[in-house]
Every structure is written in C-alpha cells, then in structure tokens.
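Asker: My questions will all concern the structure given below.
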Amino acid sequence: MKKMIGKLMAVTLVVAMMCGLVACGGNEDAKKEEKKAEKIVLGTSADYPPFEFIVLDENKKQQYAGIDISLAKQIAEDMDAELEISNMNFDSLIAALQKGEVDMVISGVEKDGKREKVVDFSEAYYTDLPPMILIKADKKDTYTSAKSLEGKTIAAQSGTTKADIVNEEFKKSKLLALTSVTDIVNNLAYDKCDAVILDGAVAQQYAQENEDMVIADIALGEEAPYYVAVQKGDPKGILEDINKTIQNAKEKKLVDQWIDEADAKADEAVE
Ligand code: ARG
C-alpha cells in the first residue's frame, strides 16, 4: 500500500510538472503576440566596404557585414523584428523600395533632388569623407588634375551620385557606368578604365586592399551624409523608430563601434 501511495504521488508530481510546462508554453505564446512588426526587409548593395560587404564565417557561409548592416540590425532589434537582407544592384534599390519589395534602404545613400521626390529620408547617421578618385599607383604622377583625365575613361557605379560627378564635372572624360563596384575595381586592375570615383571611405578601403591602387591627388566635392530611405509618405510607419535608433546610436557612440568592427572585417570582404 505504501508503495502504491508512493507511485500515486510520483504520478501526481509528473502531471503537476507537465501542467507547469504547458502553462509556461502558454505564456510564451502570449509574449509572441505582443510583438509589433514581425520582419523588416533591408535593401542594400553589398559591394561597398566598410559600409556593406560580404564575408565568410568560420563555416565558409556568406555573411553580411559593415556599418550599414550593423545599423539595420540595431533598427530591427529595437523594433523587436526579424531582419531580412535583400542584396541587389545599387541602381535597383530605389525602385524596389517604391514597389514595397523592401521596407528600408541602407546602402551609403546620399540625398539628392531626384531621390527626395520619390522616397523619404531619415536623419543622417554618418558623414563620409569627400568622394575620391582611385587610380593605378603607377599613374599617381600622371593623373594630378581633372584636366589630366580628359579623354580618359572614369568608372563609377550606375545610379550613384559618383556617376553624376563624372557626367557633370568631367565632361571631357568618358563615363564607364557599371552596376557592381567589385567589377569596377576589377576593371581598374586590368586597365579597362583609367580612374574610378567612389565615396571617400570606400576608395580608401579599396586602395588599402590593392597594393597597385592609390588615391589620386585631385580634390573632389564635399563630404556627404548618409541616410536611411523609406517609402514616400512612410506608409509602414517605421521612420520614427528608425530615427530613434539613429539618435540613440549616435549618443551611445555605437556608430563609432560599428566603424571599428567594419574596419577590422573589411579586409576579408569577398565581395
Ligand atoms: N553615396 C553614393 C550615392 O548615394 C553611392 C552609394 C553606393 N552604395 C553602395 N552600396 N554601392 O549614390
């Protein structure tokens, strides 16, 4: 009889424990229901170290890294949403945003009149160095002024403000507009173009990685702030949250931390 009571108690205990577990599970479900946006889709062009690029992790799996990716992750985390990254050519980003295929674009994007007509911008989260011209090291003494590049081919990424600079300020040079910065830098490596115009920090990054490339001593334009772009009119109501994250990241010096992390990884960029 004693044994029976013992068994009964044990069963009761197990049942009680199971009930406890079930109750716990119920709480978890309730928590999930409180979450607001489930997922936020980032549009970016991951060919732009140190802002967005691809590295291989220890399992040789491709991972996105860079200052803009860190910002996107922080925005998603603050919104308690999952981040999905959609990598595409830079010149497809604004259209993808307009169509609602992505929720936000973070890709070293500057403001310009054309873009302001079709999308809305956050506050600036970073201010880059002025644009720079990347050339072959052995041409350092040849290309010393805009004039010295007359008749030469200058490459820039399609749909960027850098392609606009070639069109507007280097009227006597030829523009080679390509969709991928990786291809552009390869074109310079194989002398398919004479110079490349890039945002300052990006030009420096490629010069650092490629021994035979340097920054030309030609001053260009002004430093350019970067912004997060969202759909015109912010139909998804995410701009306020994005601005809050940006303000907080600036105050807490998170941006500086992201820059250091990106600099440490950018040399390993596979794209
Ligand atoms: N800052 C330039 C622009 O706004 C170029 C940005 C290119 N970004 C990139 N991820 N490839 O047009």
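Asker: Between their Cα atoms, which of Lys99/Lys140; Lys111/Lys265; Lys111/Lys174; Lys152/Lys232 are more than 32 Å away from each other?
Answerer: Listed pairs above 32 Å: Lys99/Lys140; Lys152/Lys232.
Asker: Follow-up question, since we're still on this one. Which whole-number percent is the relative contact order of the chain (Cα, under 8 Å, 6+ apart)?
Answerer: With pairs under 8 Å counted, the relative contact order is 27 percent.
Asker: While we're on this one: In terms of Cα to Cα distance under 17 Å, which aspartates and glutamates are near enough to Lys139, apart from those fewer than 8 places away along the same chain?
Answerer: In chain and number order, the partners are Glu150, Asp191, Asp194, Glu211, Asp212, Asp217.
Asker: Treating the beta-carbon of each Lys and Arg as +1 and of each Asp and Glu as -1, no other charges, what is the dipole magnitude of the chain about its Cα centre, to the nearest 20 debye?
Answerer: Result for the chain is approximately 1000 debye, rounded to the nearest 20.
Asker: Take the Cβ-Cβ distance between Asp164 and Asp234 as r, set R0 to 30 Å, and report the resulting FRET efficiency rounded to the nearest 0.05.
Answerer: 0.70
Asker: Taking every pair of alpha-carbon atoms in the range 135-271, what share in percent sits in each 5 Å bin, from 0 to the bin with the longest distance?
Answerer: 2, 9, 16, 18, 17, 13, 11, 8, 5, 2, 0
Asker: If you wrap a convex hull around the C-alpha atoms of the chain and split its volume per residue, what is the figure in Å³?
Answerer: Considering the Cα atoms of the chain, their hull volume per residue is 159 Å³.
Asker: Across the range 187-197, in residue order, what do the Karplus-derived ³J(HN,Hα) couplings come to in whole Hz, using 6.51 cos²θ - 1.76 cosθ + 1.60 with θ = phi - 60° and x for Gly and Pro?
Answerer: With the stated coefficients, the range 187-197 comes to 4, 5, 4, 9, 6, 7, 9, 9, 7, 9, 9 Hz.
Asker: Using only the Cα atoms, what convex hull volume per residue in Å³ does the range 124-189 have?
Answerer: Convex hull of Cα atoms, per residue: 108 Å³.
Asker: Each residue of the range 145-153 in turn: what ³J(HN,Hα) in whole Hz from Karplus with 6.51, -1.76, 1.60 and θ = phi - 60°, glycine and Pro shown as x?
Answerer: After applying 6.51 cos²θ - 1.76 cosθ + 1.60, I find 8, 4, 4, 5, 9, 5, x, 8, 9 Hz.
Asker: Can you tell me which of Phe51, Phe121, Phe170 moves the most in a GNM of the chain? Springs connect C-alpha atoms under 10 Å apart.
Answerer: For the chain, modelled as a Gaussian network with Cα springs under 10 Å, the answer is Phe170.
Asker: Ok, one more. Under 5 Å between amide hydrogens, which residues at least 5 positions from Lys174 or on another chain qualify, with H placed 1.01 Å from N in the peptide plane?
Answerer: Gly151, Lys152, Thr153, Ile154
Asker: Rounded to whole Hz and in sequence order, give me ³J(HN,Hα) for the range 168-174 from the Karplus expression 6.51 cos²θ - 1.76 cosθ + 1.60, θ = phi - 60°, writing x for Gly and Pro.
Answerer: Running phi through 6.51 cos²θ - 1.76 cosθ + 1.60 with θ = phi - 60° gives 8, 9, 10, 4, 9, 9, 9 Hz.
Asker: While we're on this one: Of Asn186, Gly233, Ser148, which is farthest towards the positive pole of the chain's charge dipole, taken about the Cα centre with +1 and -1 on the beta-carbons of Lys, Arg and Asp, Glu respectively?
Answerer: Gly233
Asker: Would you grab the residues whose amide H sits under 5 Å from the one on Met79? Only those 5+ places off in sequence or on another chain, please, with H modelled 1.01 Å from N.
Answerer: none
Quick note: the coordinates plus some simple rules give every number you see, no bench work behind them. These numbers were taken from a predicted model, which means no experiment stands behind them. Every residue, glycine among them, receives a Cβ derived from its backbone with ideal geometry; neighbour counts consider all protein chains shown.
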